[in-house]
Every structure is written in structure tokens, then in C-alpha cells.
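J.: Can you read through this structure? Questions will come right after.
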Amino acid sequence: MAVLGVLLSFLLYWLALTFVQLGIGFYTTLLLELDKSMAFVFSLLSFMASFALYFPISIIARKLGKRRMMLLAYLIFGLIFSVLIFVKNIPLPKEWILYGLAVVAALPLATFGILPNAIIGDEVEREERANGRQLAGMFFGVSAFTMKVGISLANLVFPSLLLVGKSSNNPAGVQLTAAAALLFCLAGWLAFRRYQELDV
């Protein structure tokens, strides 16, 4: 079923997002080599920018479609992690990079904050049209369970990857967490490609 691919993609998104939440302190201090207080600046800036995009994202999604917006969000989220992997070699002021990543992260954060529930709602309607069954509770319950599984898995996997190295002399484990999150985003993109929007 296509809905299984949607749920799998959501699980992978929650894995990647939780990696950001768990790793922002490491990314800020070990990869960007900034003061740990800048982690809060990143979180605040990305939250405020994403909140400002909620209404525009809703409008754009109506014109371009939810599928296109979600696929774009996965790719942009993956791009952020790919930058983090190699950020130590980028010859730009690290503060600029942090601000840039925070602003760029706003689009996928806003997209994933709005569209998944709308997509689950569409799947509820699709099921009702096809089989006459109203299964909203089950669909949203499974979606919430998927979120919890993604967060739980991230809390298990992330610390394990850090064992490879989480010091200024050896940040390989931190870079590995960014690489893993990049893979989650790409896998989520692939899983979501099978989704077909509901005809209105």
C-alpha cells in the first residue's frame, strides 16, 4: 500500500529531525567550532523562520501539490546534513554558515510541520471513498506511533555513532551522525516518491 511508504518516509524524517535535536550542540561546537551558545541561536532562528513560513507553505502546497513540497523538503533537509559533514573544509565564516543553515532549515521544518497531517487526512478520505470506511483514528494513531518509533530509534542510534569519535581532535562520530541523517533523508525521499496525491 502507498500509505505504508508514506509512514516509512515519516519515520525516516523523525529519525533525521531527532538527530538534529540531539546533535545540534555537537555540530555547533565540534564541526562549526563555535561557542555552544550558538546552538540555541540556530534553534531559535530556524524555529522563528519556519513559523513565518507556515502560511506561505500552505499556499504553495495548494499550487504545487503536497507531494512536490514534501520531496523538496526531504532534499533540502538532506542538503543541510551534507553541508555539516564537510563543513570543516568550507572556507567561509562559520557563523555565516550556521545562520544560513538555520534559515534554509526553515523550509523543510515548516513543510514537515504542516503537510504530514494533511496527507494523513487525504489518506483517510481516500480510504473512505474506496471502501466506505472512516478510519481517521487508526490512521492518525499509526502516524503518531511512527513518530514515537522514529524518535526512540534515533535516541538509540545517535549515541552509538558518537562512540566513533566526539572530540575536537576526532569528530568522526559526529560527522557520521550527519551522514546517517543524510541517508535517512534520501531514503525518506525515495519512500515518498511512491505517494500519489488524492484527486480533489
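The values are calculated or read from the model by the stated rules, or taken from the named source; none is laboratory data. Just so it is clear, the model here is predicted, and its values are computed rather than measured. Cβ sites come from the backbone with ideal geometry, for glycine too, and all protein chains shown count toward neighbours. Only protein heavy atoms, including side chains, enter the accessible area calculation; ligands, DNA and RNA are left aside. Shrake-Rupley method; radii C 1.70, N 1.55, O 1.52, S 1.80 Å.
J.: Residue under question is PHE51, and the condition is that it be in contact (Cβ under 8 Å) with a residue 12 or more places away in the chain, open to solvent by 50 Å² or more (accessible area, probe 1.4 Å), farther than 29 Å from GLY165 by Cβ and in a helix (DSSP H, G or I); does it hold? Lay out the reasoning, then the answer.
T.: Numbers: in contact (Cβ under 8 Å) with a residue 12 or more places away in the chain: yes; open to solvent by 50 Å² or more (accessible area, probe 1.4 Å): yes; farther than 29 Å from GLY165 by Cβ: yes; in a helix (DSSP H, G or I): yes.
So PHE51 fits the description; yes.
J.: Turning to a different aspect of this structure: Of the residues in region 147-180, how many are of a type outside the set (A, V, I, L, M, F, W, C) and assigned to a loop (DSSP other than H, G, I, E, B)? Steps first, please.
T.: Filtering region 147-180 down to residues of a type outside the set (A, V, I, L, M, F, W, C) leaves 148, 150, 152, 155, 159-160, 165-171, 173, 175, 177.
Pick out the ones that are also assigned to a loop (DSSP other than H, G, I, E, B) and you get 165-171.
Matching residues across region 147-180 total 7.
J.: Is there any pair with a first residue in region 57-76 that is more than 12 Å from SER9 (Cβ to Cβ) and a second that is of a type in the set (Ser, Thr, Tyr) whose Cβ atoms are under 8 Å apart and which are 6 or more apart or on different chains, and what are they?
T.: Taking only residues 6 or more apart or on different chains, the pairs are ILE57/THR111; ALA61/THR111; MET69/THR111; LEU72/THR111.
J.: Between residues in region 104-115 that are without any contact (Cβ under 8 Å) to a residue 60 or more places away in the chain and part of a helix (DSSP H, G or I) and residues that are surrounded by 22 or more Cβ atoms within 10 Å (Cβ to Cβ) and of a type in the set (Phe, Trp, Tyr), which pairs lie under 7 Å by C-beta distance while being six or more apart or on different chains?
T.: Sorted first by the residue in region 104-115, then by its partner, the pairs are PRO108/PHE77.
J.: Could you tell me whether region 31-43 includes any residue that is out of contact with any Asp or Glu (no Cβ under 8 Å at 6 or more places or on another chain), closer than 26 Å to PHE192 by Cα, open to solvent by 10 Å² or more (accessible area, probe 1.4 Å) and not small (Gly, Ala, Ser)?
T.: Checked region 31-43: no residue is out of contact with any Asp or Glu (no Cβ under 8 Å at 6 or more places or on another chain), closer than 26 Å to PHE192 by Cα, open to solvent by 10 Å² or more (accessible area, probe 1.4 Å) and not small (Gly, Ala, Ser).
J.: A follow-up question, please. All but one of (1) under 19 Å from SER168 (Cα atoms); (2) hydrophobic (A, V, I, L, M, F, W, C); (3) in contact (Cβ under 8 Å) with a residue 40 or more places away in the chain hold for PHE42; state the number of the condition that does not hold.
T.: Condition (1) is where PHE42 drops out.
J.: Does PHE158 meet the test of being more than 19 Å from the chain's Cα centre (by Cα), among the aromatic types (Phe, Trp, Tyr) and either within 18 Å of THR111 (Cα to Cα) or surrounded by 14 or more Cβ atoms within 10 Å (Cβ to Cβ) (or both)? First the steps, then the outcome.
T.: Values: more than 19 Å from the chain's Cα centre (by Cα): no; among the aromatic types (Phe, Trp, Tyr): yes; either within 18 Å of THR111 (Cα to Cα) or surrounded by 14 or more Cβ atoms within 10 Å (Cβ to Cβ) (or both): yes.
Taking the combined requirement at face value, the residue does not satisfy it.
J.: Does ALA61 qualify as being within 20 Å of the chain's Cα centre (by Cα) and open to solvent by less than 30 Å² (accessible area, probe 1.4 Å)?
T.: yes
J.: Suppose the filter is part of a helix (DSSP H, G or I), in contact (Cβ under 8 Å) with a residue 60 or more places away in the chain, open to solvent by 60 Å² or more (accessible area, probe 1.4 Å) and closer than 23 Å to GLY150 by Cα; does LEU17 pass it?
T.: Numbers: part of a helix (DSSP H, G or I): yes; in contact (Cβ under 8 Å) with a residue 60 or more places away in the chain: yes; open to solvent by 60 Å² or more (accessible area, probe 1.4 Å): no; closer than 23 Å to GLY150 by Cα: yes.
Judged against the criteria, LEU17 is not a match.
J.: Can you confirm whether region 123-140 contains a residue that is open to solvent by less than 20 Å² (accessible area, probe 1.4 Å), under 26 Å from ARG193 (Cα atoms) and in contact (Cβ under 8 Å) with a residue 12 or more places away in the chain? I'd like the intermediate steps shown before the answer.
T.: Taking region 123-140 as the starting set, the residues that turn out to be open to solvent by less than 20 Å² (accessible area, probe 1.4 Å) are 123-124.
Narrowing further to those that are under 26 Å from ARG193 (Cα atoms): 123-124.
Subset that is in contact (Cβ under 8 Å) with a residue 12 or more places away in the chain: 123-124.
Scanning region 123-140, I find at least one residue that is open to solvent by less than 20 Å² (accessible area, probe 1.4 Å), under 26 Å from ARG193 (Cα atoms) and in contact (Cβ under 8 Å) with a residue 12 or more places away in the chain, so the answer is yes.
J.: Give the residue, chosen from GLY173, GLY188, that is free of Cβ contacts under 8 Å to residues at least 24 places away in the same chain, open to solvent by less than 30 Å² (accessible area, probe 1.4 Å) and under 20 Å from LEU15 (Cα atoms). Give the derivation first.
T.: Details: GLY188 fails: free of Cβ contacts under 8 Å to residues at least 24 places away in the same chain.
The unique qualifying residue is GLY173.
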